[in-house]
Amino acid sequence: MLKKNFFIFKKSKSAKFFLYIFISLVVVLFTYLFIPKFYNYSDLKIEKILTNSGIVLKDSNKIDYHIFPSPRLSIKNAKIGFDNELIDINSSEILLVLNFKDILKKENFKFKKFIIKSGFSKLDLDNIEDLVKIISKNNKQIFLKKNNILITHGEKDLFELKNIEGRYIISNNSNKLSINGTFLDHSFLFGFEQNQTNKNILSLKVPSLNLSSNLFYKKDDISNKKDGTLNFQILDNLIFFKFLEEKEILIEEGYIRNNLLNSSLQGSLSFNPNFTFKLNLDLNYLRFIKFFEFLNKHLFFDNSESLEFFKKANGTLVISKMPDSLIIFENNDIRFSNITLDKEKNIYLNGKISEYGSKGKIQFDITKESEGSKKIVISGVILPYASKIRINEIYKENKNYSKEEMENYETKINNEIIKKNLNNIFDVNLIDNLIDEIN
């Protein structure tokens, strides 16, 4: 077969001509591609080339030229930043994918793709928006391969994103950023899209946590106000609201749904100088026993990942269908004010949590108001780690209770009501029967 093909080329002048043309083109192409291999890149003003694209090369030790998989420059052990020094990327390999027609222009290389491999960087939360603005002004495609990013806030390290793979693509109509990697050993996918009318779409998915979030917002260039909607779901929890961001974030037409409560949601959030909130809940239902289980799980175990968040939260939850009912997070305390356990029987709860972890405590007052405005109050401490309560005082107008009587009621509650299950303390019928007995 080979001999037959060779015979055709030998006898046919036109075949010979096309063969020579083909070989010549291949030789010219390889020569064109190989010439940059012999350049001395030590004196190349690569810093200027990058600066024109808003990228600052702060350090590197070697620049090489590679032909495959496409013509590109490789910058080893690079340290780079962007304008205004919003982020530094260290110990990385930078790849500049060159425009094919410009690879012989040593002093004026032009590249179309910017690839960052195996870099490590720190990024402050307060700088993210400004960084996105700077990158969006760049007309180059940016790719991330196997990068780690430490997210910080001020002097504090918050969390690290590992094994980041991502790309920032610019088109005529929109800019798109897509990232995937791992966060606390969970894989995640993050996306951001901005179009020419300043409409933005931000999405986040963590499949292993059944977490999905979509944020749609539009920003006014003159006032810098943002308005949009947030849809957030994690496990069985669903949150939706419309928002307007000015000095604070105003929330309206929202709702929250899970196995603890179903409620409409409105109010405000503030992140400056610290995170605070004031939220109004118009409850359709609140499963108080499950709510207590939730608090017990997240506040009274030393290894709880949620503990620090609850301790630092500052804000107020106003419960609309329970007049004057509040849950207040302030100064490392959580206070429950006038929580209705049973409206018909006039049983209310006030309480405070200021000690957390395995030895944490809940201070409580359970109040029942009876006919004639007579009132009885049982005050004490719930000890989650021991699954029991301790009574400090029983108050009833015109009646004093001895220490022995209170100890007897305490024993009765622990042995006959709680029975090693603290949820039973919120069984309204059992509480009502006990209060009647105390009366």
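How would Phe232, Phe292 rank on accessible area, largest to smallest, probe 1.4 Å? Kindly include the intermediate steps, with their values, before the conclusion.
Working: Phe232 60, Phe292 10 Å².
If we order Phe232, Phe292 from most to least accessible, we get Phe232, Phe292.
In nm, give the distance between the simple-model label positions of Lys45 and Ile170, each being 7 Å from the Cα along the Cα-to-Cβ direction.
2.2
Over what distance in Å are the Cα centres of the range 83-141 and the range 324-374 separated?
Cα centroid to Cα centroid, the span is 55 Å.
Heavy atoms only, 1.4 Å probe, whole protein assembly: order Thr197, Thr276 by accessible area, highest first.
Accessible-area ranking of Thr197, Thr276, largest first: Thr197, Thr276.
Note down the nm distance, to one decimal, between modelled labels 7 Å out along Cα→Cβ at Lys16 and at Lys62.
Computed distance between label sites Lys16 and Lys62 equals 4.8 nm.
Residues of the range 417-439 with the amide nitrogen closer than 17 Å to a label point 7 Å from the Cα of Arg287, along Cα-to-Cβ, please.
Within reach of a label on Arg287: 422-428.
Roughly how much of Asp64 is accessible, in Å² to the nearest 10, using a 1.4 Å probe?
40
Across 10 Å bins from 0, what is the distribution of all Cα-Cα pair distances for the chain, in whole percents?
4, 15, 20, 17, 13, 11, 8, 5, 4, 2, 1, 0, 0
With every protein chain left in place, what is the accessible area per residue of the chain in square angstrom, probe 1.4 Å?
Details: 26280 Å² over 439 residues.
On a per-residue basis, the chain sits at 60 Å².
Regarding the range 82-200, what are the three Cα extents along the principal axes, ordered largest first, in Å?
46, 37, 28
Peptides 189-196, 399-406: what's the order by average Cβ count within 10 Å, highest mean first?
189-196, 399-406
Compute the acute angle (0 to 90°) between the alpha-carbon long axis of helix 2-11 and the principal axis of greatest extent of the alpha-carbon atoms of the chain; round to the nearest 10°.
The angle comes out near 50 degrees.
What is the spin-label model distance, in nm, from Asp227 to His153 if the labels are put 7 Å beyond Cα along the C-beta direction?
According to this spin-label approximation, the distance is 2.8 nm.
Would any residue of the range 99-121 have its amide N under 18 Å from a label point 7 Å out along Cα→Cβ of Lys76? List them or say none.
Backbone N within reach: 116-120.
Taking a cut-off of 17 Å between Cα atoms, list the aspartates and glutamates near Lys361, but don't count ones fewer than 8 places away on the same chain.
Glu293, Asp302, Glu308, Glu330, Asp333, Glu393, Glu410
Given the rule -39500 (n - 2.57) for each run of at least 4 DSSP H residues, summed and divided by the residues of the chain, what is its mean residue ellipticity at 222 nm, to the nearest 500 deg cm²/dmol?
Details: 8 runs with 87 residues, N = 439.
Mean residue ellipticity, 222 nm, calculated: -6000 deg cm²/dmol.
Where does the Debye-calculated log10 I(q)/I(0) of the range 207-255 sit at q = 0.14, 0.29 Å⁻¹, using only Cα point scatterers of equal weight, no solvent?
For the requested q values the scattering log ratios are -0.41, -1.03.
Pick from Gly154, Gly267, Gly360: which residue has the top mean-square fluctuation in a GNM of the chain where Cα pairs under 10 Å get a spring?
Ranking Gly154, Gly267, Gly360 by mean-square fluctuation puts Gly154 first.
Ordered by residue, what ³J(HN,Hα) values in Hz, to whole numbers, does the range 74-79 give under the Karplus form 6.51 cos²θ - 1.76 cosθ + 1.60, where θ = phi - 60° and Gly and Pro are x?
Taking θ as phi minus 60°, the curve returns 10, 10, 7, 6, 8, 10 Hz for the range 74-79.
Using a probe of 1.4 angstrom, how much of the accessible area of the chain is carbon and sulfur, in percent?
52
The values are calculated or read from the model by the stated rules, or taken from the named source; none is laboratory data. Just so it is clear, the structure is predicted and the values come from calculations on it, not from any experiment. Counting neighbours? That spans all protein chains shown, and the Cβs are built from the backbone with ideal geometry, glycine included. Protein only, heavy atoms only, side chains kept; ligands, DNA and RNA dropped before computing areas. Shrake-Rupley method; radii C 1.70, N 1.55, O 1.52, S 1.80 Å.
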